[in-house]
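Every number in this text was worked out from the coordinates using simple rules, so none of it is lab data. These numbers were taken from a predicted model, which means no experiment stands behind them. So basically every Cβ, Gly included, is an ideal-geometry build from the backbone, and we count neighbours across all protein chains shown.
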Amino acid sequence: MTDSALRIKNPSVTLYAFHLCQDLSQEPGKFRQDADQLWQHCAQLSEPLAIPDLKSLPEKLQSPPSQTAIASRYIELLPDHGRLTYTAPLQIEGSALTVEVYPVKIHDTYALDLTLYYQNVTVPASQFSRLNPQGCLLASNIQPSLGQTLVLYGEPVGTPEEDRKLADACVDAFFQGTDQKPELSASGHLFGSPIFAYDNGKEKPTEQCHLLVWLNRHPETLNLVEKTSLSLFNLLCCRSKILFAYDQARWCYRQTRGLYGQLEEEVKGFKELPRDPETRLEQLKQKLTEMPLKTFDYAGYLRDMEDHKTAIATNASN
């Protein structure tokens with residue numbers, strides 16, 4: 001079967017994006033200067049998705065209670081059921097595109113669940129391009145500081161033997177017109193249905209492209225997805241925070257190595273000070289002025305590395 005003949009029923013894509021809104025250096029209740037960047041970029045999707053009302057998303061969000069800003073595990077940022085639903089005029093075979101927005105705060109992180117889907121329609125896999133107009137859902141546009149995961153979902157029409165080819169076709173269509181397409185990195189089954197993982201191998205969270213293609217082939221898959229949706233949301237958040245901490249720890253390590261080399265040279269310099277008392281004293285003063293600054297920086301990077309190690313362990317256990 002050719003790629004153009006591969007078909008999928010009820011296609012959808014969910015964007016899970018994560019952005020750090022607080023850090024430990026700030027007072028409780030205070031937010032980072034760029035905390036609302038995720039919501040601003042989500043609002044900008046109003047143009048490619050042709051949903052003018054989405055522009056006002058930041059104004060609709062509720063501020064988390066300041067007294068629980070750090071401690072609260074999970075806070076919905078919209079009233080009622082915490083979700084907004086829009087109908088976009090991007091139709092496929094008479095089926096309208098539905099867009100659901102679910103913004104929350106998980107600990108110190110703003111998290112976005114943005115789902116686009118078509119119902120009661122069977123289309124070629126190539127139509128997944130309609131779920132990412134102008135590449136609007138890619139990390140280069142959303143720019144979440146902790147990274148994001150995209151989940152392409154649908155019900156395959158062909159045989160199980162065609163699932164890998166169908167998954168590849170969905171990814172090809174989704175990234176049509178971009179140079180950011182990831183490569184297959186793993187495959188398996190989740191809740192009885194095949195799932196394929198794609199990645200671009202980048203370490204920096206803002207440059208990563210992590211994508212899952214989940215093909216519903218089991219009668220209980222959808223039911224289990226609905227029951228565990230919040231757990232999956234939290235799991236992907238922890239994953240992003242682990243990768244972010246790892247990237248930050250590697251940066252600190254590189255800085256530490258550079259400073260270590262400089263400090264070693266300074267120590268050697270003490271042994272090579274001139275014997276003339278006046279010159280010796282002058283050079284000693286200069287070294288004693290420079291070394292503490294480098295030592296403080298070195299100690300700071302070591303402390304940060306330990307903090308990142310703790311963050312990785314904490315999120316791994318979550």
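What net charge do the residues around A299 carry, taking every other residue with its C-beta under 14 Å from that of A299, with Lys and Arg at +1 and Asp and Glu at -1?
-2
What order do you get for S231, S187, S240, S193 when you list them from fewest to most C-beta neighbours inside 10 Å?
By the 10 Å Cβ count, ascending, the order reads S231, S187, S193, S240.
Between C238, L61, L215, whose Cα lies farthest towards the positive end of the dipole of the chain when Lys and Arg beta carbons carry +1 and Asp and Glu beta carbons carry -1, centred on the Cα centre?
C238
Please compute, for the alpha-carbon atoms of the chain, the extent along each of the three principal axes and give them in descending order in Å.
On the principal axes, the chain reaches 90, 46, 35 Å in Cα extent.
Of the peptides 144-150, 166-172, how do they stack up when ordered by the mean number of other Cβ atoms within 10 Å, highest first?
Top to bottom by mean Cβ count within 10 Å: 144-150, 166-172.
Between D199 and T159, what is 0.36 nm times their sequence separation minus the Cα-Cα distance? Round to one decimal in nm.
Separation in residues times 0.36 nm, less the Cα-Cα distance, equals 11.9 nm.
Which far-off residues, 5 or more places away or on another chain, put their amide H under 5 Å from the one on H210, with H placed in the peptide plane?
Excluding prolines and chain starts, which carry no amide H, the hits are Q148, L150.
Excluding G158 itself, calculate the net charge of residues whose Cβ lies under 10 Å from the Cβ of G158, where each Lys or Arg counts +1 and each Asp or Glu counts -1.
-1
How big is the charge dipole of the stretch 3-227 about its Cα centre, in debye rounded to the nearest 20, if each Lys and Arg gets +1 on its Cβ and each Asp and Glu gets -1 on its Cβ?
180 debye
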